[in-house]
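Encoded as C-alpha cells, the structure appears first; notes follow it.
Nothing in this text is a laboratory measurement; each read-out follows from the coordinates by a stated rule. Predicted model, so just to flag it, every value in this text is computed and none were measured. A quick note on method: Cβ atoms are made from the backbone with ideal geometry, for glycine too, and the neighbour counts reach across all protein chains shown.
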Ligand code: GLV
Ligand code: MN
Ligand code: MN
C-alpha cells in the first residue's frame, strides 16, 4: 500500500518500516504462548500459557520503562507517567486470551501495537502530559468461562470481587478457584484503576470481517459495537434403542434440535441484516451410533446493532423452539448468560481518527463492529473508540486469521498519532 509519500514522505516510510518489523516480531513471539497443533493459538484465561504470556508481557513493558502492575483479577497495566497525571490517562489495550484454536491477531494485535506505539512516542517526544496507559484485559472472549469481558467488566464496575460471578469452565472449575490458583483475587495485588482517572480509551483491532479488504480500505473507524445475546438450551427427550424404537414412538432430542437449528437460520435470514444468529456448540448424550439422543445442549449467539430488535428476535425464536419441543414431546429449558447492549462509541474520537487518516492519505470507512470488544464496556466510563485494520478474507477466530505486517503497521501509525494528540497535546 502506498501511503503518505509526499509531505510526510520519508519519515513516515521509515516509521512504517520500523513498525512493520516490530509488529511481526511481537506477534510471532506472543503466538508461541499457547501455540497449538492447528497452527493457531489456544490461550485461555488463567491457564498456564495465558499466565506465561501475561508475565512475559509484563517483563517487556518493564523493559520499555513502563510502571507495571497486575490488578486483582489479573488485568495487566503498563503506565508511562505523564507530567500532568492528574488530568486523566489515555488508555489503550485489548486482550491476549483467545478462543480455542484461535488466531494470532485477535486482541494480541492491540496489545503489541499499543506497546510499539508507546515505545516510539517515548523515544520521539519523551514524557507525555497525560499518563499513557496500556491494559491487557482478562477474558474478553468468554472462551474458558461463560463470562466475556470479565477484566474490563471489573474495571468498569460491572463486576466486583465482593461478588465474583458464578461461572465454571468445562472441567467444573469455578472462576474464583482458577483466579486464586493463578495468584489473583481480593487483596492480592495493586489497587484498582479508578474510572475517573481515565480520559479516553482506544482499542486497535483486526476487523474480523471482510469489508475493509473488499473495499480496499486501510482503516475502519468504528462507530459502534453490536448488541449480543448468548444462551444455552437444554433439550430432553428419551434415550432409547435405535433399532427397536419405531419412528413414531420416539422423543429424539437431537432431531428436535436439528429442527431448532433450521429455525434459527430460517428466522435470521428472514429478519435480515444486521441480525446474525449462530448455533456453534452442541453436546449430545449419550452420543452413540445406536442410541436415540436423550439429551442435547446447544448454544445460541445472536447479534444486532439495535438491542431492542435483538430482544424481539430472540423472544420470537424461543417461542418457535417451544412449539417444536411441544410437537415432538421434548422438554426445553434455557439460560441466557450474556446480554450485552449495543454500544455507540465516541463520535469525537472517531472524527479525530478520521482527520488522522486524511492527513496520512489513508483510505478509510466508518463501520459497525459485529464482534464484541472491551471497548464497549470502557465506553460506559470514558469516551472510547476503536480502529480496525483489514482481515484477510474476513477470517477470524481461526488459525487462518491473517493481516499483513504492512497493514498492521498502518494501524500502529494511526494509533500512535491519536495517542500523541490525546496525551501530548491536549490537557
Ligand atoms: C468476541 O470476539 C466475540 O465473539 O464477539
Ligand atoms: Mn478481540
Ligand atoms: Mn475474539
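By the beta-carbon count within 10 Å of each Cβ, the least crowded to most crowded order of 46, 159, 125, fewest first, is 125, 159, 46. Each 5 Å bin from zero up to the one holding the largest Cα-Cα distance in segment 251-300 carries the following percent of pairs: 5, 20, 26, 19, 13, 9, 6, 2, 0. The alpha carbon radius of gyration of the chain, expressed as a multiple of 2.2 N^0.38 Å, is 1.05.
Kindly state, to the nearest 0.05, the FRET efficiency for residue 122 paired with residue 266, given R0 = 41 Å and r defined as their beta-carbon distance.
For R0 = 41 Å, the calculated efficiency reads 0.15.
With neighbour counts taken as other beta-carbon atoms within 10 Å, the residues 267, 43, 303 rank, fewest first, as 267, 303, 43. Based on the Stokes-Einstein relation at 37 °C and a viscosity of 0.692 mPa s, and on the Kirkwood radius from alpha carbon pairs, segment 108-159 is assigned a translational diffusion coefficient of 257 µm²/s. Here the spin labels are modelled as points 7 Å beyond Cα on the Cα-Cβ line, and at residue 421 and residue 188 they lie 4.0 nm apart. Once you have a ≥ b ≥ c as the square roots of the Cα gyration tensor eigenvalues for segment 105-232, tell me rounded if a/c is under 1.5, and otherwise prolate or oblate according to whether a/b is larger than b/c. It comes out oblate by the Cα gyration axes. Report, in whole Å, the centroid distance computed from the Cα atoms of segment 25-62 and segment 376-399. Between the Cα centres of segment 25-62 and segment 376-399 lies a distance of 20 Å. Between the Cα long axis of helix 253-271 and the first principal axis of the chain there is an angle of about 50°, rounded to the nearest 10. Reported to the nearest whole Å, the Cα centre-to-centre distance from segment 302-367 to segment 110-148 is 26. Of all DSSP beta bridges located in the chain, what percent are antiparallel, nearest 5? Around 65 percent of the beta bridges assigned by DSSP in the chain are antiparallel ones.
With both residues required to sit in segment 227-340, DSSP beta bridges show an antiparallel share near 100%. Peptides 348-359, 412-423, 109-120 ranked from most to least packed, by the mean per-residue count of other Cβ atoms within 10 Å: 109-120, 412-423, 348-359. Taking the fewest neighbouring Cβ atoms within 10 Å as the starting point, the ordered list for 193, 132 is 193, 132. The packing ranking of peptides 209-215, 403-409, highest mean first, is 403-409, 209-215, where packing means the average number of other beta carbon atoms within 10 angstrom of each residue.
Packing, taken as the mean count of other beta carbons within 10 Å per residue, orders the peptides 80-88, 150-158 from highest to lowest as 150-158, 80-88.
Annotation: extensible slack from residue 359 through residue 398 equals 10.6 nm (criterion: 0.36 nm per residue apart, minus Cα-Cα distance).
Based on Cα contacts under 8 Å between residues 6+ apart, segment 285-402 shows a relative contact order of 19 percent.
Quick one: grab the alpha carbon gyration tensor of segment 342-423, order the square roots of its eigenvalues as a ≥ b ≥ c, and give me rounded if a/c is under 1.5, else prolate or oblate depending on whether a/b is larger than b/c. Taking the square roots of the gyration eigenvalues as a ≥ b ≥ c, segment 342-423 is oblate.
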